[in-house]
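Here's the structure we're looking at; comments come further down.
The values are calculated or read from the model by the stated rules, or taken from the named source; none is laboratory data. Keep in mind the model is a prediction, meaning the values are calculated, not measured. Cβ placement follows ideal geometry from the backbone for every residue including glycine, while neighbour counts extend to all protein chains displayed.
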Amino acid sequence: MDYKKTNAPTNTVTRNLMELCEDTGNIYETVSIIGKRANQIAAEMKNDLSKKLQEFASYNEFFTRKIKAEERPVEMDEEVLISPCDGKVSVYPICEKGKFEIKHTAYTAEQLLQDAHLAKHYYGGWIYILRLTVDDYHRYCYVADGIKSSQKKIKGILHTVNPVANDACPIYKMNAREYCLLKTETLGTVLMMEVGALMVGKIKNHEQRNCRVCRGTEKGMFEFGGSTVILMTEPGKVQPDEDLIRNTEAGYETLVKLGEQVGRKIKV
């Protein structure tokens, strides 16, 4: 059927995808559900699936599966900023009137944070936008040793990360998101934000209060769906890797894995 020739409203939902998150209690039904999404599952996930499928009672359990630590080695150099997650990264300088692109929509730091004072603190620094898709590992970690603040939650109306929807509504102004400030000795205070999208109303951060954390320690995870992690660094503290800057300027995202270097401390 050619969907373009149908008379259905553009917001028609053909099936309730949230049902995929529910426990089936039946391995054969789980296999069937995952099979329907197989064309969106990368080879790495298919390998995991073939080995561990019997352990999953629902698609959400498969989606949020935890891999072995050795599969994501973490760069331990304290002068290196690591990627908090698997994903496709873009980097932009932050300035008072400047805007950066998130899923084809331009935003200022103030619009994203809903906090003019905090946004001003990061003017002159950099923002790292890490976009996760269904084939990515959906757990994320702390990017350095330090003391984190309590989690700040921003309520919002969830909208799809599908670019088609962006023409009608800027997604990040309405998306549920939360962040904390990670105070480090070598990289300054790094803002770490998680953004939910359609089918990801639940951002699961393990620690809500302020406390000391370690580089590479799991911070939390997203449940079923596409998601985004954002880092913001203070001016004069961290320089993004040149390939990330070059690729972003050329209009490309760069594939990164959790624990890999994405920036380095600026030498004074």
Residue under evaluation Gly216, criteria (1) at pLDDT below 55; (2) among the small types (Gly, Ala, Ser); (3) within 12 Å of Val143 (Cβ to Cβ), criterion not met: (1)
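Please tell me if Gly251 is surrounded by fewer than 17 Cβ atoms within 10 Å (Cβ to Cβ), farther than 22 Å from Lys148 by Cβ and not β-branched (Val, Ile, Thr). Break it down into steps so the answer makes sense when it comes.
Numbers: surrounded by fewer than 17 Cβ atoms within 10 Å (Cβ to Cβ): yes; farther than 22 Å from Lys148 by Cβ: yes; not β-branched (Val, Ile, Thr): yes.
The answer is yes for Gly251.
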Any hit, the stretch 111-122, residues being assigned to a loop (DSSP other than H, G, I, E, B) and without any contact (Cβ under 8 Å) to a residue 60 or more places away in the chain: yes
Selection from the stretch 229-247 of residues that are closer than 25 Å to Glu178 by Cα and either of a type in the set (Ser, Thr, Tyr) or free of Cβ contacts under 8 Å to residues at least 12 places away in the same chain (or both): Thr233
Tally of residues being more than 24 Å from Glu71 (Cβ to Cβ) and touching a strand residue (DSSP E or B) at 6+ places or on another chain (Cβ under 8 Å) across the stretch 231-263: 10
Qualifying positions in the stretch 251-268 - of a type in the set (D, E, K, R) and part of a loop (DSSP other than H, G, I, E, B): Glu253, Lys257, Glu260, Lys267
Test: residue in the stretch 193-202 that is more than 23 Å from Lys120 (Cβ to Cβ), at pLDDT 95 or above and charged (D, E, K, R): no
Selection count, the stretch 246-268, where residues are of a type outside the set (Gly, Ala, Ser) and over 17 Å from Ile82 (Cβ atoms): 8
Scan of the stretch 248-268 for residues that are without any contact (Cβ under 8 Å) to a residue 12 or more places away in the chain and within 23 Å of Val74 (Cβ to Cβ), ordered by number: Lys267
Enumeration of residues in the stretch 62-77 that are buried (at least 18 other Cβ atoms within 10 Å of the Cβ), modelled with pLDDT under 80 and not in a helix (DSSP H, G or I): Thr64
